[in-house]
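S.K.: This is the structure I want to talk about, given as structure tokens.
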Amino acid sequence: MTSHSLDRLAERRAAYGAKRPASREHHARASGVMPGGNTRSVLHMAPFPFVIVRGHADMLTDIDGFDYVDCAGEFSAGLYGHDTPDIAEALQTALADGLVLSGPNRYEAPFADLLCSRFTSIERIRFCNSGTEANLFALQAARNVTGRSAVMAFEGAYHGGVLTFGKGPSPMAVPFDWRMATFNDTEATRAAIRAQAGELAAIIVEPMIGAAGNIPARRAFLEMLRSEATRAGAILIFDEVKTSRLGAGGLQREYDVNPDMTTLGKYLGGGLPFGAFGGRAEVMERFDPARPDALTHAGTFNNNVLSMAGGLAGLRKVFTPDRAARFLAECEAFRTGLNSRFAEAGLAVRASGMGSILSLHLGQDVPETLAQTDPRSITLRQLVHLNALDRGLALTPRGDIYLSLPMDDAQRARIADILMAGVQEELPFVLDSASS
Ligand code: PMP
């Protein structure tokens, strides 16, 4: 980080804080009862996060009365926006019929049916409460079915709060026998899989690595994982918790690569807590409770009526395959348009990602590996985040950008204008060579 960028960040944070006395006071009170005033690490930002009191369509309002276009998008779970009528209506109906029913309900099987028909790799599916849980169940299924214990994961990957990786597993990661590999390094990963072939129960990968800066997988990399996993007898798991929004059938359909298991979450609950794991019938049938060798899968709220009803309505009535395809095209046009504007303005910044999920990176080219990413991009994103807030646009604190279904052409144009202006204003502080 340059001293200029540090000064700039301090200045921006102070100005941000000064404008939001109500959020500051809320944070001070919250800090007395929750560590750091926080119950979700990723929402932390200095000096304090703004407290959101209302969401409508693609807009947010904070406790100090500021309105923002919502590109934080609940880290991708907010695909539908805040109050899509079809989903609200389904939730009202479910609510009227009672909440805690203690048995199978009328939503879960049709919802499962729809998901199985959309995701090519999913022949059978089970619901749970979060993406983290979905990944834990998928991994434990793979370990039990293969009778092996090691799991290959990729540096920089995030598969949940207890499935977080830097160079290696984070201190909070569940203590599995992790084997780390490098995302998008096709030949080194092939060699690593072959070298550990008898030990690997599973390989877990996000087809676009999100937490590391939204870098899509190279096709050859996913195809290699597919063939090498089969050869090694390991279960290939695609974490599509986020990427499932990049097309009706997720990225597995876009890439035409079929994993053995897929995990889902986020938007698929229609905005309510949701997780699911599914895959080949042969693997998933181990969860049939009538079997003598059945694997258990429990969870009080696995089939809670609100997530089931909201999720089903979302897929049936809103995120139809047609809408998903159009949305992907609209969002790709947004990203390529933004990158053209950066290039034409001579700004060494590009937006990576795919469709409705984007990240800003320093450089003339979109990085294809973690090694190609510039560490100064983190500061750029923090500065652009604060800059954009001033202009009425909310990104995630770490700078991820999510587009949502309620946004129209005019709204996307406004977002692009704000991002352009923010990058133009902040980039000089990041590039300044006076290193501290
Ligand atoms: N996998 C990926 C790729 C994710 O991005 C996330 C959440 N950001 C998860 C899993 C975990 O999902 P949840 O927060 O619902 O536990």
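Every read-out reported here was derived from the displayed coordinates using simple, explicitly stated rules and does not represent laboratory data. Quick caveat, the model's predicted, so the values are computed rather than measured. Note: ideal-geometry Cβ built from the backbone for every residue, glycine included; neighbour counts use all protein chains shown.
S.K.: Do we find a residue being away from the ligand (no atom under 16 Å from the Cβ) and either under 20 Å from Gly147 (Cα atoms) or touching a helix residue (DSSP H, G or I) at 6+ places or on another chain (Cβ under 8 Å) (or both) anywhere in the range 202-215?
M.R.: Taking the range 202-215 first, the residues away from the ligand (no atom under 16 Å from the Cβ) are none.
So far as the range 202-215 goes, no, none of its residues is away from the ligand (no atom under 16 Å from the Cβ) and either under 20 Å from Gly147 (Cα atoms) or touching a helix residue (DSSP H, G or I) at 6+ places or on another chain (Cβ under 8 Å) (or both).
S.K.: Find all pairs meeting these conditions: Cβ atoms under 6 angstrom apart; at least six residues apart or on different chains; first residue within the range 396-412 and in a loop (DSSP other than H, G, I, E, B); second residue of a type in the set (Gly, Ala, Ser).
M.R.: Final answer for the pair search is Thr396/Ala72; Asp400/Ser359; Leu403/Ser356; Ser404/Gly73; Ser404/Gly78; Ser404/Gly81; Pro406/Ala57; Pro406/Gly81.
S.K.: Taking the range 113-165 only, how many residues are closer than 18 Å to Gly265 by Cα, of a type outside the set (Ser, Thr, Tyr) and either touching a residue at least 24 places away in the same chain (Cβ under 8 Å) or buried (at least 24 other Cβ atoms within 10 Å of the Cβ) (or both)? Give the derivation first.
M.R.: Kept after step one, since they are closer than 18 Å to Gly265 by Cα, are these residues of the range 113-165: 113-141, 157-164.
Within this subset, residues satisfying the condition of being of a type outside the set (Ser, Thr, Tyr) are 113-116, 118-119, 122-129, 131, 133-141, 157, 159-163.
Next, only the ones that are either touching a residue at least 24 places away in the same chain (Cβ under 8 Å) or buried (at least 24 other Cβ atoms within 10 Å of the Cβ) (or both) stay: 114-116, 118-119, 122-129, 131, 133-141, 157, 159-163.
Qualifying residue count, the range 113-165: 29.
S.K.: I've got another one for you. May I ask you to verify whether Ser170 is touching a Gly at 6+ places or on another chain (Cβ under 8 Å) and of a type in the set (Ser, Thr, Tyr)? Explain how you work it out, then say what you get.
M.R.: Numbers: touching a Gly at 6+ places or on another chain (Cβ under 8 Å): no; of a type in the set (Ser, Thr, Tyr): yes.
For Ser170, the condition - touching a Gly at 6+ places or on another chain (Cβ under 8 Å) and of a type in the set (Ser, Thr, Tyr) - is not met.
S.K.: Any idea how many residues of the range 64-87 are over 20 Å from the mean Cα position of the chain (by Cα) and over 18 Å from Leu393 (Cβ atoms)? Can you show your working first?
M.R.: Within the range 64-87, the first condition is being over 20 Å from the mean Cα position of the chain (by Cα), and the residues that meet it are 64-68, 83-87.
Restricting the remaining residues to those that are over 18 Å from Leu393 (Cβ atoms) gives 83-87.
Selection size over the range 64-87: 5.
S.K.: Which residue is nearest to the chain's Cα centre (by Cα), if the candidates are limited to the range 381-414 and must be crowded, with 22+ Cβ neighbours inside 10 Å and among the hydroxyl-bearing types (Ser, Thr, Tyr)?
M.R.: Looking at residues that are crowded, with 22+ Cβ neighbours inside 10 Å and among the hydroxyl-bearing types (Ser, Thr, Tyr), I get Tyr402.
S.K.: Mind listing whichever residues of the range 209-223 are touching a strand residue (DSSP E or B) at 6+ places or on another chain (Cβ under 9 Å), farther than 13 Å from Glu155 by Cα and touching a residue at least 40 places away in the same chain (Cβ under 8 Å)?
M.R.: Selection gives Asn214, Pro216.
S.K.: Somewhere in the range 57-80, is a residue assigned to a helix (DSSP H, G or I), touching a residue at least 40 places away in the same chain (Cβ under 8 Å), more than 16 Å from the ligand (Cβ to nearest atom) and not aromatic (Phe, Trp, Tyr)?
M.R.: Scanning the range 57-80, I find no residue that is assigned to a helix (DSSP H, G or I), touching a residue at least 40 places away in the same chain (Cβ under 8 Å), more than 16 Å from the ligand (Cβ to nearest atom) and not aromatic (Phe, Trp, Tyr), so the answer is no.
S.K.: Of these, Leu251, Leu200, which one is surrounded by 22 or more Cβ atoms within 10 Å (Cβ to Cβ), in contact with a strand residue (DSSP E or B) (Cβ under 8 Å, 6 or more places away or on another chain) and within 27 Å of Asp400 (Cα to Cα)?
M.R.: On the way: Leu200 fails: within 27 Å of Asp400 (Cα to Cα).
Only one candidate qualifies: Leu251.
To keep it simple, each residue is scored yes or no on (1) without any contact (Cβ under 8 Å) to a residue 12 or more places away in the chain; (2) closer than 14 Å to Met407 by Cβ; (3) under 20 Å from the mean Cα position of the chain (by Cα).
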site	(1), (2), (3)
Asp322	yes, no, no
Arg341	no, no, no
Glu344	yes, no, no
Leu347	no, no, no
Ala351	no, no, yes
Ile357	no, yes, yes
Leu362	no, no, no
Val366	no, no, yes
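S.K.: With respect to Ala248, is the statement that it is of a type in the set (A, V, I, L, M, F, W, C), more than 16 Å from the ligand (Cβ to nearest atom) and within 20 Å of Leu99 (Cβ to Cβ) true? So that I can check it myself, show each step before the final result.
M.R.: Working: of a type in the set (A, V, I, L, M, F, W, C): yes; more than 16 Å from the ligand (Cβ to nearest atom): yes; within 20 Å of Leu99 (Cβ to Cβ): no.
For Ala248, the condition - of a type in the set (A, V, I, L, M, F, W, C), more than 16 Å from the ligand (Cβ to nearest atom) and within 20 Å of Leu99 (Cβ to Cβ) - is not met.
S.K.: Kindly state which helices (runs of 4 or more DSSP H) lie completely within the range 253-366 and contain at least 3 residues that are within 16 Å of the ligand (Cβ to nearest atom). Break it down stepwise before answering.
M.R.: Values: elements: 281-284, 305-313, 321-344.
Helices (runs of 4 or more DSSP H) meeting the threshold: 305-313.
S.K.: Starting from the range 21-44, keep only residues that are touching a residue at least 40 places away in the same chain (Cβ under 8 Å), then list their pairs with residues that are assigned to a helix (DSSP H, G or I) whose Cβ atoms are within a distance under 8 Å, requiring at least 6 positions of separation or different chains.
M.R.: Going by the 8 Å Cβ cut-off, the qualifying pairs are Val42/Phe75; His44/Gly36.
S.K.: Please go through the range 121-179 and give me each residue that is in a loop (DSSP other than H, G, I, E, B) and of a type in the set (A, V, I, L, M, F, W, C), ordered by number. I'd like the intermediate steps shown before the answer.
M.R.: Taking the range 121-179 as the starting set, the residues that turn out to be in a loop (DSSP other than H, G, I, E, B) are 121-123, 129-130, 147-149, 155-157, 159-163, 166-168, 170-176.
Ile122, Ala157, Val162, Leu163, Met172, Ala173, Val174, Phe176, listed by residue number.
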